[in-house]
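One structure below.
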């Protein structure tokens, strides 16, 4: 009987705590939904979806077929962050030590997730800007097409490694792979520029060679023209030595 009464007493004492935890969850859910809608509308008005359409991130979302945009995805992420925070708070209110410790670890890891999402969004914007700049400046030339494709891919590749590093996923393997891929991409870009610009480089070399030949011909012609004027010609003055060697007329004596 005493055990039953003790159990009932514990249950009665636990009910307010449980209600408080449920209230915390409800408040977190409502706040998360409000923030989700607010963030999504704010990003839509700022034109983020339009800028991200031609980027790698926009392509991934479109191929996913879920109808998600960057603004909606960001809103959902904000909702889940708020809800997880409220869940951790609710579990802490229940006083379950083991679960509270685990959820605190999850909560401590959330900033890394937020930073990773921010890296992906910023990298998508930068990749779109790089691709657009390459298309505007280089057009549909072979080099322009290579740069327009390789530039965004390089930016997103760097972003992937930054995300993995931020999340702490196999940092040593990530660093080794990152170094190898950057070297391979640099070599590929160098080859692409070299192969794509070989005609321009050849034309520049031919133009420079022809100009050098013309300059040499002009210089040689100038030397040939200037050489006779220094070696031959008629002098209109009598040298001083010739005048000095002429015999003077004999003096006459007047009688």
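The values are calculated or read from the model by the stated rules, or taken from the named source; none is laboratory data. Here the structure is a predicted model, which means the values were calculated and not measured. Cβ coordinates were reconstructed from backbone atoms using ideal geometry, including for glycine residues, and neighbour counts include every protein chain displayed.
Computed quantities for the displayed model
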{"quantity": "Qualifying residue in region 191-211 (condition: part of a helix (DSSP H, G or I), modelled with pLDDT under 70 and farther than 19 Å from residue 150 by Cβ)", "calculated": "yes"}
{"quantity": "Any pair with Cβ under 6 angstrom, 6 or more apart, that starts in region 152-172 at a residue that is on the phi < 0 side of the Ramachandran plot and outside any helix (DSSP H, G or I) and ends at one that is at pLDDT below 80 and crowded, with 18+ Cβ neighbours inside 10 Å", "calculated": "none"}
{"quantity": "Elements of type helices (runs of 4 or more DSSP H) contained in region 30-133, each with 3 or more residues being at negative phi, buried (at least 16 other Cβ atoms within 10 Å of the Cβ) and at pLDDT 85 or above", "calculated": "70-94"}
{"quantity": "Scope region 92-125; condition farther than 28 Å from residue 152 by Cα and touching a helix residue (DSSP H, G or I) at 6+ places or on another chain (Cβ under 9 Å); matching residues", "calculated": "92, 93, 94, 95, 99, 100, 102, 103, 104, 106, 107, 109"}
{"quantity": "Given (1) at pLDDT 70 or above; (2) surrounded by 15 or more Cβ atoms within 10 Å (Cβ to Cβ), number of the condition residue 15 does not satisfy", "calculated": "(2)"}
{"quantity": "Of the criteria (1) more than 23 Å from the chain's Cα centre (by Cα); (2) loosely packed, with under 13 Cβ neighbours inside 10 Å, which one residue 136 fails", "calculated": "(1)"}
{"quantity": "Failed condition for residue 169, given (1) farther than 30 Å from residue 50 by Cα; (2) crowded, with 16+ Cβ neighbours inside 10 Å; (3) at pLDDT 80 or above", "calculated": "(2)"}
